[in-house]
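Structure record follows, encoded as structure tokens.
The values are calculated or read from the model by the stated rules, or taken from the named source; none is laboratory data. These numbers were taken from a predicted model, which means no experiment stands behind them. Cβ atoms come from the backbone with ideal geometry, glycine included; neighbour counts cover every protein chain shown.
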Amino acid sequence: MQQFLDTTLGGLVLGAVYAAFALALCLIWRSTRIVNFAQAAMAMVTTYIALTLINADVPYWVAFVAAIAAGFGLGAVIERVIIRPVEGKAELNAVILTLGLFMVLHGLTAITFGVQHRGFPAPVSTNAIAVGDSSIGITPFGILTIVVVAVVMAGLVVLFRFTDLGLRMRAAAFNGEVSRLLGVRVGRMLTLGWALAAAVGAVAGMLIAGGDLVNPAFMDPFVIYGFIAAVLGGLDSPLGSVIGGLILGLSLSYVTGYIGEHLAPLVALGILMVVLLVRPSGLFAAAAARRV
């Protein structure tokens, strides 16, 4: 029973980490209709910015906010300088650009900060919570991770469902020409979408790095699992991205705890294949009507 509880709690924390990354992918997809393969590299850059500030004796939460602001600015610059020139052209062009950006950011970070592992602090304890003479399989930082992901998800749901800004962002992504005729500043909305996605990615990067070691490749393992979580729940659904992350995290935690860690990637791929066969748009994606 203790192993099951520990495995479940560990899976929830792992799922929250996947969900944080999936939320960034969901945000950029909803606001620009682009799959950003450079999302992990952008999050890695902002995490290094936070680490640099922390090493300079800047308080953790000040560095946390500064990294989010840096991510916001980085996303805006990337959209204006790199993505904007291919707007309206083949969607594959933007995808290829994000793949190239992934490699460029990796290389620049390695040149600037080196490839050695560095410790990234956590604002609260990363030791398991003690209950009497035993401990449970979750840490204060794990609880903080779950809470932060829940807050970010709620914020995105409110943004896209209940605000005029969110409606304009979605309209700009779906049909730029019509949106312009209706007075929507499409370019500004697309820039804002990239900026917000990069800010959410910065949060994900710091949650993943907390209490662990970082190097320029530390986000790479989360690229695949984050994409699986987003596709599992539905790229168009913030709630679905979170639930997809939790499903994936729990599944991999149970497989690792009871069978073996070596089977985790195979199980993740199997889950993805089943979902794509049964419901290609994701478990929680809204049904779309199409005139034929």
| Quick check: is even one residue across the stretch 58-69 surrounded by fewer than 24 Cβ atoms within 10 Å (Cβ to Cβ), at pLDDT 90 or above, under 20 Å from the mean Cα position of the chain (by Cα) and under 27 Å from Gly240 (Cβ atoms)? | yes
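For the stretch 180-190, give me each residue that is outside any loop (DSSP other than H, G, I, E, B) and without any contact (Cβ under 8 Å) to a residue 12 or more places away in the chain.
Arg180, Leu181, Arg188
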| remark: Sole miss for Met169 among (1) in contact (Cβ under 8 Å) with a residue 60 or more places away in the chain; (2) among the hydrophobic types (A, V, I, L, M, F, W, C); (3) closer than 28 Å to Ala209 by Cα is condition (3)
| Yes or no: Ile83 touching a Leu at 6+ places or on another chain (Cβ under 7 Å) and of a type outside the set (Asp, Glu)? | yes
| query | So which of Gly132, Gly137, Gly142 ends up being modelled with pLDDT under 85 and under 24 Å from Gly245 (Cα atoms)? | reply | Gly137
| remark: Condition set free of Cβ contacts under 8 Å to residues at least 40 places away in the same chain and loosely packed, with under 11 Cβ neighbours inside 10 Å, scope the stretch 86-140, selection farthest from Gly15 (Cα to Cα): answer is Lys89
| query | Among (1) crowded, with 23+ Cβ neighbours inside 10 Å; (2) under 21 Å from Gly257 (Cα atoms), which single condition is Cys26 missing? | reply | (2)
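Looking only at the stretch 109-154, which residues are farther than 23 Å from Ala24 by Cα, part of a helix (DSSP H, G or I) and of a type in the set (A, V, I, L, M, F, W, C)?
Ala110, Ile111, Phe113
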